[in-house]
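J.: Pasting in a structure now, in structure tokens, and then I'll have a few things to ask.
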Amino acid sequence: DLKFKIREPVLDLGGGAGTFLKYLKIDNATIIDAGGGSSLVGNYKFVKSDITKKLPKFGKKLKTIFIMEVLEHIKNPLYLMAQVYDILNDDGICYIAVPYTPLDIDRKEQKNKFNCHVCRWKLEGLVDQMQKLGFFVNVVQKRRRFKNSAFCLPHCWVVLALKKRMNH
């Protein structure tokens, strides 16, 4: 089972209605997303904002940040991750989940073969980019999807735990 070390304050970037936070039994968190605030599944603070632009200001650094199944949908994910580095507490952890291999060959003939994904990585390239931004990178989980199970990672996804390097 995938276990997260969760410490407040918690932020979910691109977290929609908060379904993932509720699944993790997190009661106190902030969600930043372009939509979803009207249908929150918990008592979360919701900030409507485009995460591809400059992130809103926070009064304090964040100790847990989730960016789950989001980075592959934005054209410049490294811009977002550079901002995440700045708002992450020195001893905080950012968890990201992203695809790390091409999609199934069966999807090749679809009009949008990446199924709304605008960027892709190989695992080594993703780790390299996160290290260049100043993060220590730990591969928490790599797996394929199991059908009919909620919140299992889709086919060929990886979860990384990112911590700040103090000297880089």
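J.: At what distance in nm do the modelled label points of Phe4 and Arg165 sit from each other, each positioned 7 Å from its Cα along Cα→Cβ?
T.: Calculated label separation equals 2.5 nm.
J.: I've got another one for you. What distance in nm lies between label points placed 7 Å from Cα along the C-beta direction at Asp91 and Ser49?
T.: 2.6 nm
J.: Then there is this: Could you grab the Rg to Rh ratio for the stretch 1-79? Cα atoms only, Kirkwood for Rh.
T.: Working: Rg = 12.1 Å, Rh = 13.0 Å.
So for the stretch 1-79, dividing Rg by the Kirkwood Rh gives 0.94.
J.: Let me ask another. Please compute the length gained on full extension between Tyr23 and Leu123, using 0.36 nm multiplied by the number of residues separating them and subtracting their Cα-Cα distance. Don't jump to the answer; show the numbers that get you there.
T.: Details: separation 100, 0.36 × 100 = 36.00 nm, distance 2.64 nm.
Full extension from Tyr23 to Leu123 adds 33.4 nm.
J.: Can I ask one more? Over 28 Å between Cα atoms, which of Lys3/Lys53; Lys25/Lys61; Lys45/Lys164; Lys25/Lys75 qualify? Write out the running numbers ahead of the final one.
T.: On the way: Lys3/Lys53 30 Å; Lys25/Lys61 22 Å; Lys45/Lys164 25 Å; Lys25/Lys75 31 Å.
As for pairs spanning more than 28 Å Cα to Cα, those are Lys3/Lys53; Lys25/Lys75.
J.: Also: Whole-Hz ³J(HN,Hα) for each residue in the stretch 87-94, computed from phi via Karplus 6.51 cos²θ - 1.76 cosθ + 1.60 with θ = phi - 60°, x for glycine and proline: what do you get?
T.: Result, rounded to whole Hz: 8, 7, 4, 4, 10, x, 10, 10.
J.: Evaluate the Debye formula for the stretch 47-94 with equal point scatterers sitting on the alpha carbons, no solvent, and hand back log10 of I(q)/I(0) at q = 0.20 Å⁻¹, in q order, two decimals.
T.: -0.69
Any read-out appearing in this document is the output of simple, stated calculations on the displayed coordinates, not a laboratory observation. Only a predicted model underlies this, so the values are computations on that prediction, with no experimental measurement involved. Positions of Cβ are generated from backbone atoms using ideal geometry, with glycine treated the same way; all protein chains shown enter the neighbour counts.
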